[in-house]
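The block underneath contains the structure these notes are about, expressed in structure tokens.
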Amino acid sequence: MTPLNTNIDHAKPAPTAEQIKKQILFRRWFAVLFISLAVTAFYFGWFVTRNVREEAKQTDAQLRSVSWAIMSYSVANNTMPTSQEAFVNFISTHAQCLTAPRRAGEWPATQEAAQANGAPADIAAAVAGRIEVIWPPTGNLTPVLQVRGRPSGVGTIEQVNGWLQNWNHAAATSAP
């Protein structure tokens with residue numbers, strides 16, 4: 001058996017000045033590219049988030065307006081609406097009903113409170129556009145509000161549907 005040569009030199013040769021310049025140039029370009037991509041991603045995310053939040057505010061205003069209008073319809077007709085046509089016809093011919101004060105309960109007492117101090121939305125456009133209403137088959141059931149794939153604020157859909165449920169339950173239990 002022959003002995004192994006243990007005097008092997010594993011040291012790498014020192015990089016040349018040209019190789020060092022290439023490494024520095026590569027690192028600088030990589031850093032510039034990485035920072036540029038990070039800044040671009042930040043601005044893209046910021047603009048998308050801002051636009052989604054703005055759209056959610058509009059959707060929430062429409063949800064609140066439609067909910068208030070359904071309660072107004074209920075007061076005037078002593079029943080919940082059962083179709084979009086009847087509801088839109090009522091709202092377009094009885095605009096004064098929307099500002100009438102309501103009885104106290106687990107829902108807003110005024111239109112301003114329902115809108116969370118925002119401006120009311122066009123109800124006919126809301127029902128035809130962003131807001132989907134699942135109309136009940138009879139007037140003693142509560143309509144259910146949904147958004148058609150649009151963003152909404154956290155808990156707004158549950159809140160306005162809760163108003164309608166509480167409103168309808170209070171009307172049903174207070175009837176003689």
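Just checking, which of Pro108, Pro137, Pro143 is farther than 18 Å from Ser72 by Cβ and of a type outside the set (Val, Ile, Thr)?
Values: Pro108 fails: farther than 18 Å from Ser72 by Cβ; Pro143 fails: farther than 18 Å from Ser72 by Cβ.
Only one candidate passes the filter, namely Pro137.
Let's see how each residue does on (1) surrounded by fewer than 15 Cβ atoms within 10 Å (Cβ to Cβ); (2) among the β-branched types (Val, Ile, Thr); (3) in contact with a Cys (Cβ under 6 Å, 6 or more places away or on another chain):
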residue: Asn117; (1), (2), (3): yes, no, no
residue: Pro120; (1), (2), (3): no, no, no
residue: Ala128; (1), (2), (3): yes, no, no
residue: Val133; (1), (2), (3): no, yes, no
residue: Pro136; (1), (2), (3): no, no, no
residue: Thr142; (1), (2), (3): no, yes, no
residue: Arg150; (1), (2), (3): no, no, no
residue: Thr156; (1), (2), (3): no, yes, no
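With the condition kept exactly as written, say whether any residue in region 79-97 is within 18 Å of the chain's Cα centre (by Cα), at pLDDT below 85 and part of a helix (DSSP H, G or I). Step through it out loud before you land on a result.
The initial filter retains those residues of region 79-97 that are within 18 Å of the chain's Cα centre (by Cα), namely none.
No, that holds for no residue.
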Exercise. Is at least one residue of region 61-78 modelled with pLDDT of 90 or more, exposed (fewer than 15 other Cβ atoms within 10 Å of the Cβ) and either of a type in the set (Ser, Thr, Tyr) or outside any helix (DSSP H, G or I) (or both)?
Worked result: no
For this session: Determine whether region 9-24 contains at least one residue that is closer than 30 Å to Gly155 by Cβ, of a type outside the set (A, V, I, L, M) and at pLDDT 90 or above.
Result: no
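Select from region 46-79 the residues that are over 18 Å from Ile131 (Cβ atoms) and among the aliphatic types (A, V, I, L, M) and list them in ascending order.
Once the filter is applied, which keeps residues that are over 18 Å from Ile131 (Cβ atoms) and among the aliphatic types (A, V, I, L, M), region 46-79 yields Val48, Val75, Ala76.
The values are calculated or read from the model by the stated rules, or taken from the named source; none is laboratory data. Just so you know, these numbers come straight off a predicted model, no measurement behind them. Cβ sites come from the backbone with ideal geometry, for glycine too, and all protein chains shown count toward neighbours.
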